[in-house]
Structure formats: structure tokens, C-alpha cells
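Report on one structure; see the data block that follows.
Every number in this text was worked out from the coordinates using simple rules, so none of it is lab data. As the structure is a prediction and not an experimental result, all values here were calculated from the model. Virtual Cβ from ideal backbone geometry, glycine too; neighbours counted across all protein chains shown.
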Amino acid sequence: MMTRRIARELLISVVVSIAISPLAAFAQEATATTLTAAATSSASQSQDTVAKPMVFDVVSIRPAKPGARGGDLRLTQPDGYMATETIGITILLAYFPQRSWGRDRVQGAPAWVDQDSYEIAAKVSDADLPEWTRQNNLQPEQKVLFQQMLQSMLADRCKLAFHRVPGSVSGYELVLGKHPHLTASTPGAKLPPGMKLSDGGVMVDSPSGAAEEEMHFYNTTMAAFVEYLPRIAGGRVIDKTGLAGHYDFVLPWADQNSEHPGAIYPNDPDPLSHWDFNSLDLRTQNVKTPIDNLVIDHIERPSEN
């Protein structure tokens, strides 16, 4: 029987497989300044400061053996990154949160970008290892060092250049009712073991065999809550509650007719509807949220090792 945690993570694995769909069919004309992948990592720096690109110390990229399947991601190597994947997947990993992947996030790519798989083995330097180790314990969207190193690798080995164009994606807004049922966290209180959130809070899932499926949040801000929700929403979630405090609360499963409580599948038109936000006097609203998509201006097959 499917466990709660495996059922919930089913969505993640299917999102990865969807992202492997052809990218080349979405070529689009636009006029914008061409950016290289390496330059993008320093876009937020002042004009008088040149940021040092974050790079892997050693990188090997080889064509995968015949029959190898892309999307075999292993992101938690203690000293680097190993994967068998297409360059298209690598681009998505380098520039977008995994919960916002979609067919049109990368446009104008030649067919091989999506079709040909490569074996990638990359090691971080001794100097970067402490920060790499720290970020490995974070959620995927918080692994900034990992993304920066992938961006530098793509610029160096594939000569990637691109520009961005505006787009939109289906998502949610989290809004507040009149009387939210949230308990203010006690400062300095000891937190139970669980999934660490970006604000220092913790999410604890129901144990296997529990009578009810529910998620317990401790010392959690609404900003961190909406960062977590794409794991069960399959799309972006925006915080519109206006709350800035830290709270303890429980989000129960509401669908009593579900064969596998906690399981959300990609073809579900409204995955958050299965969770009882009303018990917290919170609501989720379907919206189109603005995003930037990436259009390939130039890319080459990975250079030889």
C-alpha cells in the first residue's frame, strides 16, 4: 500500500518526467538583451562590483549510454552533483524552482537539448564544501550555490546565451479570513524533528498508520508556508495574508473519499482543495501569476572533457 510520504512525493517525480517533454516546439521571437548564463548570476550586483562566478571545481559531461533515461537526478551528493539527464533538464534546474517547471519555461532550444541524455559528474572545491553541505540540507529552491554552479557550467561547456520574456503560470493566492485559527509560536521553544523550512520553522508529517492525514507546522511564517505548498499544489502559491508572525498550526486532509490520503496527482485540477484550509480560516484562490521564461539565443553541445 502506498505510504503517505511516498504518495505525496509522487507528484514530484511526475513533475520531473513532464519537464523532459520536448522544448524545441516552443521557439518564440523576442527582442531583448542577450544574457549569458554566467552573467545572470551577477545580475543583482551593483555596476561597480563584478561578482565572482560560482563554479564546480571539476566537471565531467559525457553522452549517456544508449537507453539511459534522463531525469535520474541525484542532488544530495556530499561533495558535488551526479546525474544522467538532458541539457534541457539541467537548464531548468539552473534557472527555475522545480515546482514551477513547465513546457514553456525554456523556449527556442534545438531538439537535441531535450532528446540527448548526458552523464554529469561535478565536484565542488574544498573552499565551497562547507556552504555546499549547508545548502544540501535546504529545500531545492533554496540551493542557490547549486544553481549558480550549474549556470556557470552551462555557460562554459555549452556556451549558453539567452534572453527572458514575460509569461504567466497557473497558481494560487493564499488569503486570510476574518478569524484565522493560528497560534502564535513561543519564542525559543524547542521544535520537534521534521522538515526544516526557510524561516527556521518545521513541518512534521503524520506518521505512517495514523488515523488522520495532517501536516503540523511549528514556528512557521506564512511566507515559508507558501514556499512549502507547491509540494502539494503543483504550482506557485503567493502569500496574500499580510501576516508577518511565526505560528503553530495543523493543516488537515479534507477529502474523506480519497483512497490514498495525502496523495495529490498531476492531473488533479485543484489539488489544494483536498486540504482543509477552512479549518484555519484561510482560503486558496486560483490565479495566473507572472513569471519570466527563458528563450535560447545560442547553445552548443557540451564540450569534450
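Test of understanding: ordering MET195, MET203, MET215 by Cβ neighbours within 10 Å, fewest first, what list do you get? Before the final figure, lay out the partial values.
Numbers: MET195 14, MET203 18, MET215 23.
By the 10 Å Cβ count, ascending: MET195, MET203, MET215.
Under the combined filter of DSSP loop state and at most 13 neighbouring Cβ atoms within 10 Å, the range 182-228 retains these GluC sites (Glu not before Pro): GLU212. Using r as the Cβ-Cβ distance of GLU304 and ASP270, and R0 as 51 Å, what FRET efficiency do you calculate, to the nearest 0.05? Once the sixth-power term is evaluated, E becomes 0.60. The string of couplings for the range 192-199 from the Karplus curve (6.51, -1.76, 1.60, θ = phi - 60°) is x, x, x, 6, 6, 9, 5, 9 Hz, one whole number per residue in order, with x for Gly and Pro.
Gain in length, VAL204 to MET82, computed as 0.36 nm per residue apart minus the alpha-carbon separation, to one decimal in nm? Walk me through the intermediate numbers first.
Details: separation 122, 0.36 × 122 = 43.92 nm, distance 2.91 nm.
Length gained, VAL204 through MET82: 41.0 nm.
Between GLU212 and THR289, the simple label model (points 7 Å from Cα in the Cβ direction) yields a spacing of 2.8 nm. Students often get this wrong: which residues of the range 141-176 have the backbone nitrogen under 20 Å from the point 7 angstrom along Cα-to-C-beta of ALA223? Answer for this model: 141-145, 172-176.
Going 7 Å from the Cα of SER279 in the Cα-to-Cβ direction, what parts of the range 175-191 have a backbone nitrogen less than 16 Å from that spot? Within reach of a label on SER279: 180-183.
Segment SER168..ASP255, full-extension length gain: 28.4 nm, with 0.36 nm per residue of separation and the alpha-carbon distance subtracted. For the range 169-289, the relative contact order works out to 38 percent when only alpha carbon pairs closer than 8 Å and six or more residues apart are counted. Pairs from the list LYS65/LYS159; LYS178/LYS240; LYS143/LYS196; LYS196/LYS288; LYS240/LYS288 with a Cα-Cα gap above 21 Å: LYS65/LYS159; LYS196/LYS288.
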